[in-house]
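Worksheet: one structure, shown below.
The values are calculated or read from the model by the stated rules, or taken from the named source; none is laboratory data. Predicted, not measured: the structure shown is a model, and the values here were computed from it. Cβ sites come from the backbone with ideal geometry, for glycine too, and all protein chains shown count toward neighbours. Please note that ligands, DNA and RNA were not included when accessible areas were found on the heavy atoms of the full protein model with its side chains. Shrake-Rupley method; radii C 1.70, N 1.55, O 1.52, S 1.80 Å.
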Amino acid sequence: MANVKPISRGAAQTENFLQTGPGTAAGDYLRRFWQPIYHSADLVAGRAVPLKIMGENFTLYRGESGRLCLTDPRCPHRGTQLSSGWVEGDDLRCFYHGWKFAPDGHCNEQPAEDSSYCDRIKLNAYPTREYLGLIFAYLGKGTAPRFPTYPEFENFDGLVEIDSYLRECNYFQNLENALDMSHVAFVHRDNMVSYSGIGRGAQLRAEESDWGVTYTFTRNDGQLRIQQFGMPNIFYMTALPTDPEVGWQESLFWWVPIDDRAHMQFSLHRVSVAGAAAREVEARHQKRRTAIDVPHQRVAEDVLRGKIALRDVDKSRVDLVRLQDDIAQLGQGRVADRDAERPGRGDTGVIAIRRLWSRELAALAESRGLKDWIRDGSIVPKAWGLTGTRSAADGNAAPHTALTDIRPQIEIALQLEALHGNQLEH
Amino acid sequence: MANVKPISRGAAQTENFLQTGPGTAAGDYLRRFWQPIYHSADLVAGRAVPLKIMGENFTLYRGESGRLCLTDPRCPHRGTQLSSGWVEGDDLRCFYHGWKFAPDGHCNEQPAEDSSYCDRIKLNAYPTREYLGLIFAYLGKGTAPRFPTYPEFENFDGLVEIDSYLRECNYFQNLENALDMSHVAFVHRDNMVSYSGIGRGAQLRAEESDWGVTYTFTRNDGQLRIQQFGMPNIFYMTALPTDPEVGWQESLFWWVPIDDRAHMQFSLHRVSVAGAAAREVEARHQKRRTAIDVPHQRVAEDVLRGKIALRDVDKSRVDLVRLQDDIAQLGQGRVADRDAERPGRGDTGVIAIRRLWSRELAALAESRGLKDWIRDGSIVPKAWGLTGTRSAADGNAAPHTALTDIRPQIEIALQLEALHGNQLEH
Amino acid sequence: MANVKPISRGAAQTENFLQTGPGTAAGDYLRRFWQPIYHSADLVAGRAVPLKIMGENFTLYRGESGRLCLTDPRCPHRGTQLSSGWVEGDDLRCFYHGWKFAPDGHCNEQPAEDSSYCDRIKLNAYPTREYLGLIFAYLGKGTAPRFPTYPEFENFDGLVEIDSYLRECNYFQNLENALDMSHVAFVHRDNMVSYSGIGRGAQLRAEESDWGVTYTFTRNDGQLRIQQFGMPNIFYMTALPTDPEVGWQESLFWWVPIDDRAHMQFSLHRVSVAGAAAREVEARHQKRRTAIDVPHQRVAEDVLRGKIALRDVDKSRVDLVRLQDDIAQLGQGRVADRDAERPGRGDTGVIAIRRLWSRELAALAESRGLKDWIRDGSIVPKAWGLTGTRSAADGNAAPHTALTDIRPQIEIALQLEALHGNQLEH
């Protein structure tokens, strides 16, 4: 972990990391990085859907060959929403007058017009990539940067569980919550599993890394738990799951704005479990997907609007952690007001993220060089109880990695509704 | 068809035909013409309802004698909504303190006041007329112009089918869609009946007529289809229905704004079918009225919001054409943004309407003379396959014309909700 | 009734009594008086709820000892909504990081911080008092004034019925409606019980009292009905109920803004009925609480939006009076536009209230002395048919007074939803 610098406490100078629409500072910055935007499983060949990411509308479709295409939301002819059109091969034909577009955005057919008119019409098109069950896109200008991979999640004996949820507040609240060990003893009081006791400010340290922030919690007995925040909106941690078959598991999180009042968390979970045990875990997790029929978002809203008390909610809910975080984060309002807050030493991690963001946004505004965030194999989460190295444990000649979607079914419907946006109100 | 002038292609200079509230240019212009506002069948004697047309609130009631009255929305005393009051004879009494108003708007009773105060109180009242099952009103200033009639629809052997629907977008999108032959092969791909093939721009012609625009499509074999647009918001066309008993039928359409984000289409359909065949057609159409229980507006919204694909919708829906047009027109957004569009030769008709509107609104703004649009018997729609003349076919000594409401029941509930507006949010 | 001055007719100079949020003139004025804000029965020990009164958010909780506490809505640390926290003893602990606050607002625990930081953190806390089943609060600055009591409602043989409803319009519309005898013959046409005939303007008189306005209606036979309005938002009247066992009953009303578009009416009803008759009345009234399952607010909205006619509503509804007043008051719009109104002699009471309010708000703006409104035992409502004095009738050595909640169940759910506000949209 080279190049670490201590980050001192202190409130962020600005809050311009909250708005992410086109043309905003934080929006420009986030668009410089590949972002997960959708689940591979949610888009079959031949289907087009509207998509809203960072307050911007798009058309996402999968050609008949399976190829993914991401383009402008509307036909340049008369402005009709392209997602209602027909996928023909890997092209997309507009529903209104049949103009047809290639995956690179070029118009190649205008049935009612002279053919020469076509050449002057082109949609914006964006690079996409499917990786570990998620669809990533590069929404920025110019050539896309190198696509960052996570080799730890690619070849090992075990499961990669794919998950996500919608949270109806500004993405930065969730991002701050990641480097906030002192909330766990309260927000997750009813279901702490990874450790007991309170994450006191004096035990917390946040240091800049090559990738973002290394966040360390030192237990009274000197043992460490280390989590990694990756700029601008990634989190890499390890936690002890409740499954008896599974030891510590590693998780990757991305927080991606839909707009400034709602965002998605996409996540991948590396579960080191093989053979019959793996099948058992998978079967159990699949079964849980239909266990709830009221989404945690609606329960949290009922709690925050005083309709029910959290103590009356069934604590065996599969999504209890999310429900609890919903309450804490949406409890700050859809967009938290940071002017009135009184941060303490417990907020060391929060302050660290804000400072990095502020520095980079300032550099962007002044056209100074931005830091090139890179994660190498040394930047990984660690925790007491996690013995041995992953490479030793997983150094199988022919490892078997199974991808499995574990989202609750009710979550899928809710998140697609949000991700699809509402271009009627453009 | 005297006085026709060619209309060249070119985008409209302004978009001020979109806003129709009181005091707007397009609103003032539309208010110079009689407009259909409600169905006769929806208002029984003794009932008062709130009404919203062109962003303006009214009270519509039918006196106990059957007389229709259209007045201001609120009592001048304390501002209570008059539609909650009592119809007494042909007068309307306010619910709050019992002030009573005559059909011409004069206050004739104030139970708690001295009688002299009455004389100083008067509601605005507007001329109305019932014609072929629809209620028309003149909402402009001064004396109402001559009421335009459609003799073709009055005395013939056959059915006049009365229909309407709510579309939740700006009225001008629908109006433009009328003179747009090149959308039919795509939007209505699954149900084309009147012709096959694509309406190419080079085959289309739009010429100014005494009434508005004559829109001609010339088939490759030289055959013509002619449709008539009547200023400012009327359409007269002929189409081949699916009923085996019926030949080409003629249709009249009006597009009337409820506000700038929703409008009504009122329509009359002249179906030349008599005797037992007429009864059969009517019975079949009546049966269809309860065939759907999810309105096309909600299905279209689901398609546009990516929840379902149109290909998965039952194509035998009685309102399939409307559903398809909903998608194309609402796909432009509730109020289409015309700044970004790239019109082609296929948009000849659209451009023609915009140019006439722009010219008339400019004349209105500069207090120059407005064209007096008049339809005589020569301005009728025509089509290949339509042989003979209507007068010969219908020249019966005692023709029998039956009026019949064919709106799906679910449509009625939806459109009344929109037409009644919401004066709570005034 | 000393110090009465005649109030002449004339419209209010300003409408600044409509806005009651923090920092508004009317809001400042209303906050100088104790206001009922919640029902005692709706808050059990150990429960915290969000609360919105006059456009301002609060946390209301009842400590485990039964003590009521009213504080700021959000934690000063990171702004999370405090109502989601834990009641511990009579303290409240924040859900996010466990900061704990005493009933007086002082922070007494910050688990992740050094102890010295606590001393610098304090919530605003407001005086509360429970009285006759209602929770009152003083939301103004400085020391709370003397708590006004109503001895007539405290010790007598009979029932005190506790009631309330939500009305989704500005509170001032309801307040004006109190001193408006001429609406009764129309709005309540179907259920007049206290008198027949119309309250004509010439029969009405409104005089300033030590408490507010004394409103007198003189019948043609010279008999009087006197009602008392108490500044700034209280009403004290007597009415003849429909129960055969009960004579005239006295009622106290408070109209308290939730925000500028909705308010609560809290009320107490003094029912002079004892012994077996009291038990019978109470049983009958309790039974009525589940008699309706569509709230009057929704029925009124359906009437105002033209979906149904009032004549088609079941007139035996237990909340018919409220439904009728909903229609009349919401019929003015959520916030009535007083600029266009044409008041008459029938509006004498309305004008009287406006003039007092305008005078006091002007004095407040100019930092002049405000009148100290005081109700003594002489300021009581009276009516023909009400013979004898209350003291004689109720002068029992050991009177038995029973408090009973008579709100329809459906009303409770609706009003709590409104009272709890929505801090997500802060």
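Structure values in brief
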| read-out | value |
| --- | --- |
| Most fluctuating residue given options A:Pro295, A:Pro244, A:Pro76, as computed from a GNM of chain A linking Cα atoms under 10 Å | A:Pro244 |
| Helix axis angle, B:348-365 relative to chain B longest principal axis, alpha carbon, degrees | 30 |
| Alpha-carbon Rg/Rh ratio, for chain A, with Rh computed the Kirkwood way | 0.97 |
| Inter-copy spacing of B:Gly247 label points, which lie 7 Å from Cα along Cα→Cβ, given in nm from shortest upward | 8.7, 8.7 |
| Within-15-Å neighbourhood charge of B:Val321 [Cβ basis; K, R +1; D, E -1] | -3 |
| Nearest-20 debye value, region B:144-213 charge dipole, Cβ charges on Lys, Arg, Asp, Glu | 320 |
| Surface share of carbon and sulfur [accessible, 1.4 angstrom probe, percent] for region A:75-206 | 46 |
| Per-residue mean of C-beta atoms belonging to partner chains within 10 Å, peptide C:181-189 | 5 |
| Neighbourhood charge, 15 Å Cβ-Cβ cut-off, centred on B:Glu88 and excluding it, Lys, Arg +1 and Asp, Glu -1 | +3 |
| Charge dipole magnitude, Cβ of K and R +1, D and E -1 - the protein assembly as shown, Cα centre, debye nearest 20 | 1220 |
| Net charge of Cβ neighbours under 9 Å - reference B:Tyr117; Lys, Arg +1; Asp, Glu -1 | 0 |
| Number of partner chain Cβ atoms within 10 Å, mean per residue of A:413-424 | 3 |
| Angle between chain B longest axis and helix B:275-288 axis [Cα atoms, degrees, rounded to 10] | 70 |
| Ascending list, in nanometres, of distances separating the B:Ser316 label from those of the other copies (7 Å, Cα toward Cβ) | 4.6, 4.6 |
| Relative contact order for chain B, counting Cα pairs under 8 Å that sit 6 or more residues apart, in percent | 22 |
| Crossing angle, helix B:409-419 versus chain B [Cα axis fit, 0-90 degrees, rounded to tens] | 60 |
| Within 10 Å of each Cβ in A:94-102, the average number of Cβ atoms from other chains | 6 |
| Members of B:Lys100/B:Lys141; B:Lys52/B:Lys122; B:Lys307/C:Lys52; A:Lys287/B:Lys307; B:Lys100/C:Lys307 lying beyond 27 Å, as alpha-carbon distances in this model show | B:Lys307/C:Lys52 |
| Helix-only CD estimate at 222 nm, as mean residue ellipticity for chain A, using -39500 (n - 2.57) per DSSP H run (n ≥ 4) | -6000 deg cm²/dmol |
| Convex hull volume of the protein assembly as shown per residue (C-alpha atoms, cubic angstrom) | 225 |
| Size of electric dipole in region B:158-278: Cβ of Lys, Arg +1 and of Asp, Glu -1, about Cα centre, debye, nearest 20 | 300 |
| Selection from B:Leu68, A:Ala413, A:Tyr171 lying farthest towards where the dipole of the protein assembly as shown points positive, charges on Cβ | A:Tyr171 |
| Axis-proximal residue, chain A, for the rotation superposing A on B (Cβ, Å) | A:Glu425, 10 |
